[in-house]
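**Q** So that we are looking at the same thing, I have put the structure below in structure tokens.
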Amino acid sequence: MTSAKLTVEDRLLALEDRQAIYQLVCGYGYSVDGCNAASVGNCYVEDGVYAVGDMPSWVGRDAIAAITRDAGHLKLVGAGCAHMSSLPFVVIDGDRAVATCHTMVPMHGENGFFIGRLSASRLELARQTDGGWKIVHRQNYMLNGSGEGPALLARLHETAKTS
Amino acid sequence: MTSAKLTVEDRLLALEDRQAIYQLVCGYGYSVDGCNAASVGNCYVEDGVYAVGDMPSWVGRDAIAAITRDAGHLKLVGAGCAHMSSLPFVVIDGDRAVATCHTMVPMHGENGFFIGRLSASRLELARQTDGGWKIVHRQNYMLNGSGEGPALLARLHETAKTS
Amino acid sequence: MTSAKLTVEDRLLALEDRQAIYQLVCGYGYSVDGCNAASVGNCYVEDGVYAVGDMPSWVGRDAIAAITRDAGHLKLVGAGCAHMSSLPFVVIDGDRAVATCHTMVPMHGENGFFIGRLSASRLELARQTDGGWKIVHRQNYMLNGSGEGPALLARLHETAKTS
């Protein structure tokens, strides 16, 4: 939009930032389905929060990484499931960013595959000192009739600072 | 492919264009699920067209933005739904572009989630004077047995000019 | 991450590579649903392999392109289906790359849409002499209770060389 005023460095960084956030958002799902605890933990800052509307929040990287060892999660993985994220809408504001996406968890059961969960998701992200990005706070709401999911999606253009 | 002949400016612009089109394609879904009329309208040019094979077309930005206030749409959002787009295949040709993707609308009902709609989608896009991109014409066809959806997907490499 | 040490050329190429791989991964699905044999074939190198856990492998570009003329495939397309790929996690290492994603095939049947297949997918890719990327080997495993799919997803950070 305002690229005429930006330097080549600015423009490269903006492109790299969005690609890095794409990697982070989709990589979380593959990591959690693969029960790769280190990779799940690395998606979050040390004191990151993963808040899901209908569950207690996970607080801290270690608690979030431990999802990969949770009995309920292992049962889902054992039966067959995919924690899918859609392409995120990403708003970058300096060293902070917000990504908005849908998440869907198709699962395998006795009668084949079914959609176990469908959510709206908003991730607040922070640039790290090594240049990478991590999740500071992720909020998911199930899209099953509550107004919280649609309200969260409506804020797609808001940055972490304005929200 | 031919990057050896392109300037840094050309290459940055091509990268930015594709990222901007990614934002547009996924952002539409979050905006419509969030009933964010302004954001939905901003996806389209003033006289943009949203054509869906099994419904009357929406003509003009205002009509398309009004989907967010439509009784049928509000009922879907109230029950729980997600207008999901897959990662688009994007062909850019100067100030025009075409994006091809799948769209899927999982919905929530009495027996949990189900896939209400599954479509092939082709978006013809135009660069705006501020450098951003908007949808000029979007055609969706349900993938439920008609040959129109597969035929539309088969044209993924065609630009707006050649189509 | 280490962009401070990289030249503008290096950084542009890395960005272009990931976008090209995005095009390849999503473009395969639209091509196969559109029964566009040339486009399906062009996703693979001449001796490329498409290995699916519960089926015999397809070996060679011609065999893979011929999926678009397969009676079983045409029946699916005729009924309505979408070969959807999620946003891939991409690790590039010189002229080789690995992309990890989910694939899902919603299909249309007598009772509406259902998820016919859900898989973990790992694509080993090679840079071509014209600068583009093609698939050398793709491995899919159904996510229906076997441990192979989760094990494949857990390797998302591995390159083709380290795997």
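**Q** Which of C:Asn140, C:Asn111, C:Asn36 ends up with the largest GNM mean-square fluctuation for chain C, with Cα atoms connected below 10 Å?
**A** C:Asn111
**Q** Suppose the Debye formula is applied to equal point scatterers at every Cα of chain B; what is log10 I(q)/I(0) at q = 0.11, 0.15 Å⁻¹?
**A** -0.46, -0.83
**Q** Using alpha carbons only, how many angstrom separate the centre of segment C:84-113 from the centre of segment A:113-163?
**A** When both Cα centres are located, 22 Å separates them.
**Q** Averaged across A:147-155, how many Cβ atoms of other chains sit within 10 Å of each residue's Cβ atom? All intermediate terms of the calculation are to be shown ahead of the outcome.
**A** Working: counts 3, 0, 6, 11, 3, 3, 12, 10, 4.
Counting Cβ atoms of other protein chains within 10 Å of each residue's Cβ and averaging gives 6.
**Q** Still on this structure, I have one more. Shielding by partners for B:93-106, please: the mean number of other protein chain Cβ atoms within 10 Å of each residue's Cβ.
**A** Values: counts 0, 0, 0, 0, 0, 0, 0, 6, 6, 10, 1, 8, 1, 8.
The mean count of partner-chain Cβ atoms within 10 Å per residue comes to 3.
**Q** Can you list the residues, at least 5 places off or on another chain, whose amide H is less than 5 Å from the amide H of C:His137, using H built in the peptide plane?
**A** Under 5 Å from the amide H of C:His137 lie the amide H atoms of C:Val49, C:Glu124, each far enough along the sequence or on another chain.
**Q** Please compute the average number of Cβ atoms from other chains found within 10 Å of each residue's Cβ in peptide B:119-125.
**A** Numbers: counts 2, 5, 1, 1, 0, 0, 0.
Counting other chains' Cβ atoms within 10 Å and averaging over B:119-125 gives 1.
**Q** Count charges around B:Tyr50 for me, please; just the other residues with Cβ under 11 Å from its Cβ, Lys/Arg as +1, Asp/Glu as -1.
**A** Numbers: positive: B:Arg61, B:Arg138; negative: none.
After counting each charged neighbour, the total is +2.
**Q** Further, regarding this structure: Please name whichever of C:Tyr50, B:Ile135, A:His157 sits farthest to the positive end of the charge dipole of the protein assembly as shown, dipole taken about the Cα centre and charges placed at Cβ: Lys and Arg +1, Asp and Glu -1.
**A** Result: C:Tyr50.
**Q** Residues with beta-carbon under 15 Å from that of C:Arg69, excluding C:Arg69: net charge, scoring Lys, Arg +1 and Asp, Glu -1?
**A** Numbers: positive: C:Arg61, C:Lys75; negative: C:Asp33, C:Asp62, C:Asp70.
Taking every other residue near C:Arg69 into account, the sum is -1.
**Q** Given a 10 angstrom Cα cut-off, can you work out which residue in A:Thr129, A:Thr68, A:Thr100 is the most mobile in a GNM of chain A?
**A** Looking only at A:Thr129, A:Thr68, A:Thr100, the largest GNM fluctuation is found for A:Thr129.
**Q** Quick one: what are the phi-derived ³J(HN,Hα) couplings along segment A:104-113, Karplus 6.51/-1.76/1.60 with θ = phi - 60°, whole Hz, x for glycine and proline?
**A** 9, 10, x, 10, 9, x, 4, 9, x, 8
**Q** Per DSSP H run of at least 4 residues, take -39500 (n - 2.57); add these up for chain B, divide by its residues and hand me the 222 nm value, nearest 500 deg cm²/dmol. Write down the numbers at each step before the final one.
**A** Working: 5 runs with 52 residues, N = 163.
Rounded to the nearest 500, the figure is -9500 deg cm²/dmol.
**Q** While we're on this one: Helix B:8-33 versus the longest principal axis of chain B: what angle, 0 to 90°, nearest 10, using Cα atoms?
**A** With rounding to tens, the tilt is 10 degrees.
**Q** Taking neighbour counts of Cβ atoms within 10 Å as a proxy for exposure, in what order, fewest first, do C:Ile115, C:Ile135 appear? Write down the numbers at each step before the final one.
**A** Working: C:Ile115 19, C:Ile135 23.
The most exposed by this proxy come first: C:Ile115, C:Ile135.
**Q** Write out the GluC sites (Glu not before Pro) in segment C:92-163 meeting two conditions: DSSP loop, and at most 16 other Cβ atoms within 10 Å of their Cβ.
**A** Numbers: sites: C:Glu110, C:Glu124, C:Glu148, C:Glu158; in loops: C:Glu110, C:Glu158.
Passing sites in segment C:92-163 are C:Glu110, C:Glu158.
**Q** With Cβ to Cβ distances under 14 Å as the rule, what net charge do the other residues near B:Ser85 carry (K, R +1; D, E -1)?
**A** Values: positive: B:Arg117, B:Arg122, B:Arg138; negative: B:Asp33.
Here the charged neighbours net out to +2.
**Q** Under a crude label model (7 Å from the Cα following the beta-carbon direction), how far is A:Lys5 from B:Ala51 in nanometres?
**A** 3.9 nm
**Q** Only Lys, Arg, Asp and Glu count, each charged at its Cβ (+1, +1, -1, -1), so figure out the dipole size of chain B about its Cα centre, rounded to 20 debye. Mind showing how you got there, number by number?
**A** Values: 14 positive and 17 negative charges, 39 e Å.
Around 180 debye, computed over chain B.
The numbers here are math on the coordinates, done by the rules we state, and not lab data. What you see is a predicted model; the values in this text were computed from it and never measured. Reconstructed Cβ throughout: ideal geometry from the backbone, glycine too, with neighbour counts over all protein chains shown.
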